[in-house]
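Contents: one structure, followed by commentary.
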Amino acid sequence: MTATTAKGGEKSGMMKDALNRYFGYADFRESQAEVVERVLKGEELCVIMPTGAGKSLCYQLPILMRPGYGLVISPLISLMKDQVDALNVRGLAAVCVNSAIPPSEQEAALRAVAAGQVKFLYVAPERFQVQSFRHFLDSVRPNLIVVDEAHCVSQWGHDFRPDYQMIWSQCEVLQQMQVCAFTATATPAVREDIKSQLQRPAMAELVSGFKRPNLEMSVLPCRGKKDKHAVMERLLRTPQPTLIYTSSRREAENLASQFDLQYYHAGMTDQARKAAQDYFIRDACPTLVATNAFGMGIDRADVRRVIHYNMPGSLEAYYQEAGRAGRDGARSQCILLESYPDLLIQQYLLDLNNPPPELLVGLHRHLRQQESRSDGAACTWQPELVWPTLPAAKNAAQVQAAARILERLGIVQRTYVRASGSGRLSFRGRLDKLCREHAGVQTQRSLLLATVAAHLQARGLKVWHGHPGELADISGLRLDQVRRVLDYFQGDVLDWLPDESGEALVLTEAGQAPELNVDLSSLARKRRVDEQRLDLVREYCRSYMCRQAFIISYFGEKIGAWRCGCCDICASRSGKHVAGRPATPAELRDSRRILAALELIDGQFGRRRFLAMLMGLENESRVLQEHPAYGTMQQRGERYLEELLDALCRQGYIEISKGTYPVLELSERGSEAAQGRQELELSLLSAAKKTPRRKKF
Ligand code: ADP
Ligand code: MG
């Protein structure tokens, strides 16, 4: 035995002892030992493992094995409390310091840390804004700094927290300490951002634990609602505990009513939601239709099937939702229904979630005006009333998205307000008539009516929303005069409806500046990241690579030649049964014609040009134009040809070579089938048509 392995063995023995002693576990889980060992060596790691994989132990053990205490930065007070309680139950001294704890207790906790009585100190990111805390860290240095839920550092992450980002610029002493980051969110963009925000570009990444070999993943291409309906009908014939995800509340309700199922979404009453959850947890064999609001904290281990009725917006979201199948380790299916209209919906959502910079500038200006007119009082936030006044806005949802971005950028904050004095004003009569009757009349009443009616008319609005102070600006009256006039006409000429209490947006200190002072180029970057995410979902659907291998290698896990062996792609490669229905004789005949056509130009053209040739559309290449099959299948329709071609690819008759640009090649099986030496077997996913209809011209 060499000296290094002897030393390595000694170390792993010590780690195992500590694992048993502190936690009572017999063994490390996948990658835990590697992380612990590398952290103990002093490496800075960005560790990505799925939820429940056991990330906490990866940093808790090194902290315990070293003298001193470790500092854990965690975003949620409830999360922090759970962790501290869990450690204390094991007899491991842990404390947390956050704003929910009285100052005297906070001080006592820090004193205990300084006195060496504590192994773990949990804090929220806001804590770093407190100068005395930064001094504390400098004088009582932790043995490790842990950023838990590190995706919150990233602006591409779904729970971005500006406080997290500021830590590293506010607290220089951190530069000299060992920092490790942990998260379950695995996308290249988020990982890169975490490392750059922590100012540690060289941080090593370790992604592991995402393989789920018991999940049979598949994609069913559907041409539209009819296909989807047929697929659902077929699937639901075998009852199994099933979760069906849709992309909207309305779709969830529609689908549930079509198939007489229960549904769940965030727009239901608490009571109805609870009932749906109980049904899903307790029923022996439930089938529930739900939006992505469903799933957090639902622990049913024997979900046998997760069906995505609509395409998801990202692979991260997809894998997380699909991963709710088969937690018990038994075989389960994850089925994604792919359809082109869904892609358009996702593109539309992407547009809404990525408003143009002009809209942010406009919304900021609007909020500033509102605040100055209401004398700094917060007004309730009503995007459905604001959006018509912002030229760059498409609808209320987009304005809502813009508000969320301003919030993330630290320009506004959400608060709750009691009635603010602002309200909605509408006139009972016609606006043009009001203008005519009151224009030029120099009384307070006429001034208000004429100017405000003209203001509305010019903007094409029926209802005005804002603070009476704004009406004073519009009419040239004083605030008290405006109030009196409103009172006078109330319920007669006009209706003034004061706002009720509700959510409000208030400008932060940074937001008070006259110009919106943020890096708007980051918006374009965010949009590109979202676009890439969506492209990847499409690529996933179209790819002929093992489904899990595709997703997991995108997450960054090193899998080498590992393949799940049970997804639709792996199964068809090994000639196993593929989900779907057998092709009809007519479809088989057409498929053989496709194979025969490809044989003549094997390995020369890609999918798009080959299809165009069959359709008679190709006009660049002589080889294709003079092909005997040129235009011969035009009447079959492009969608139909696409389906057959894709099925031939998926089921191993045609391969796609990955050169500078991908070309179609017959596999051995494919050329035997083309020459009639082997029987062609094909399973298709769309609803069967009797015969492909001939198109009329
Ligand atoms: P994560 O933060 O990755 O979502 P946690 O650290 O909260 O996951 O761990 C999830 C669960 O797994 C916890 O209940 C934890 O006690 C348990 N666990 C972690 N490591 C081991 C192990 N080596 N053996 C047994 N159980 C473990
Ligand atoms: Mg955790």
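The values are calculated or read from the model by the stated rules, or taken from the named source; none is laboratory data. These numbers come from a predicted model, not from an experiment. All Cβ positions, glycine included, derive from the backbone under ideal geometry; neighbour counts span all protein chains shown.
See the values below:
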read-out	value
Positions within segment 55-69 being among the polar types (S, T, N, Q) and either more than 10 Å from ligand 1 (Cβ to nearest atom) or not in a helix (DSSP H, G or I) (or both), in sequence order	none
Among (1) among the aliphatic types (A, V, I, L, M); (2) surrounded by fewer than 20 Cβ atoms within 10 Å (Cβ to Cβ); (3) away from ligand 1 (no atom under 16 Å from the Cβ) - the single one residue 113 does not satisfy	(2)
Residue 92, sole failed condition from (1) surrounded by 16 or more Cβ atoms within 10 Å (Cβ to Cβ); (2) more than 14 Å from ligand 1 (Cβ to nearest atom)	(2)
Residues satisfying the stated conditions in segment 294-315, i.e. touching a Phe, Trp or Tyr at 6+ places or on another chain (Cβ under 8 Å) and modelled with pLDDT of 90 or more	294, 300, 306, 307, 308, 309, 310, 312, 315
Which numbered condition residue 286 misses (of (1) over 24 Å from the mean Cα position of the chain (by Cα); (2) closer than 16 Å to residue 228 by Cβ; (3) touching a residue at least 24 places away in the same chain (Cβ under 8 Å))	(2)
Residues satisfying the stated conditions in segment 534-554, i.e. of a type in the set (Asp, Glu) and closer than 15 Å to residue 323 by Cα	none
Meets criteria (within 12 Å of ligand 2 (Cβ to nearest atom), crowded, with 16+ Cβ neighbours inside 10 Å, at pLDDT 95 or above and not hydrophobic (A, V, I, L, M, F, W, C)) for residue 59	yes
For residue 371: the one exception among (1) within 19 Å of residue 477 (Cα to Cα); (2) surrounded by 15 or more Cβ atoms within 10 Å (Cβ to Cβ); (3) without any contact (Cβ under 8 Å) to a residue 24 or more places away in the chain; (4) of a type outside the set (Lys, Arg)	(3)
Subset of segment 22-51 [near ligand 1 (Cβ under 8 Å from one of its atoms) and either more than 21 Å from residue 194 (Cα to Cα) or touching a helix residue (DSSP H, G or I) at 6+ places or on another chain (Cβ under 7 Å) (or both)]	23, 25, 26, 27, 28, 29, 32, 49
Members of segment 8-36 that are within 16 Å of ligand 2 (Cβ to nearest atom), under 33 Å from the mean Cα position of the chain (by Cα) and part of a helix (DSSP H, G or I)	32, 35, 36
Which listed residue, of 39, 72, is in a helix (DSSP H, G or I) and under 24 Å from residue 24 (Cα atoms)	39
Selection count, segment 553-563, where residues are in a helix (DSSP H, G or I) and either farther than 16 Å from residue 336 by Cβ or in contact with an Asp or Glu (Cβ under 6 Å, 6 or more places away or on another chain) (or both)	2
Close pairs (8 angstrom Cβ cut-off, 6 or more residues apart or separate chains): closer than 16 Å to residue 63 by Cα in segment 78-89, of a type in the set (Ser, Thr, Tyr) and within 13 Å of ligand 2 (Cβ to nearest atom) anywhere	83/56; 83/74; 83/122; 84/122
Selection from segment 177-194 of residues that are surrounded by fewer than 21 Cβ atoms within 10 Å (Cβ to Cβ) and either free of Cβ contacts under 8 Å to residues at least 24 places away in the same chain or under 22 Å from the mean Cα position of the chain (by Cα) (or both)	184, 188, 189, 192
Contacts under 6 angstrom Cβ, first residue in segment 502-522 being of a type in the set (S, T, N, Q), partner part of a strand (DSSP E or B), 6 or more apart	508/413
Cross-chain or 6+ apart pairs with Cβ under 9 Å, segment 526-548 first and under 17 Å from residue 570 (Cα atoms) and in contact (Cβ under 8 Å) with a residue 60 or more places away in the chain, then in a helix (DSSP H, G or I) and aromatic (Phe, Trp, Tyr)	540/318; 540/550; 540/554; 547/540; 548/319
Tabulated pairs, segment 45-56, first among the polar types (S, T, N, Q) and modelled with pLDDT of 95 or more, second more than 6 Å from ligand 1 (Cβ to nearest atom) and not in a loop (DSSP other than H, G, I, E, B), C-beta under 7 angstrom, 6+ apart or interchain	56/83
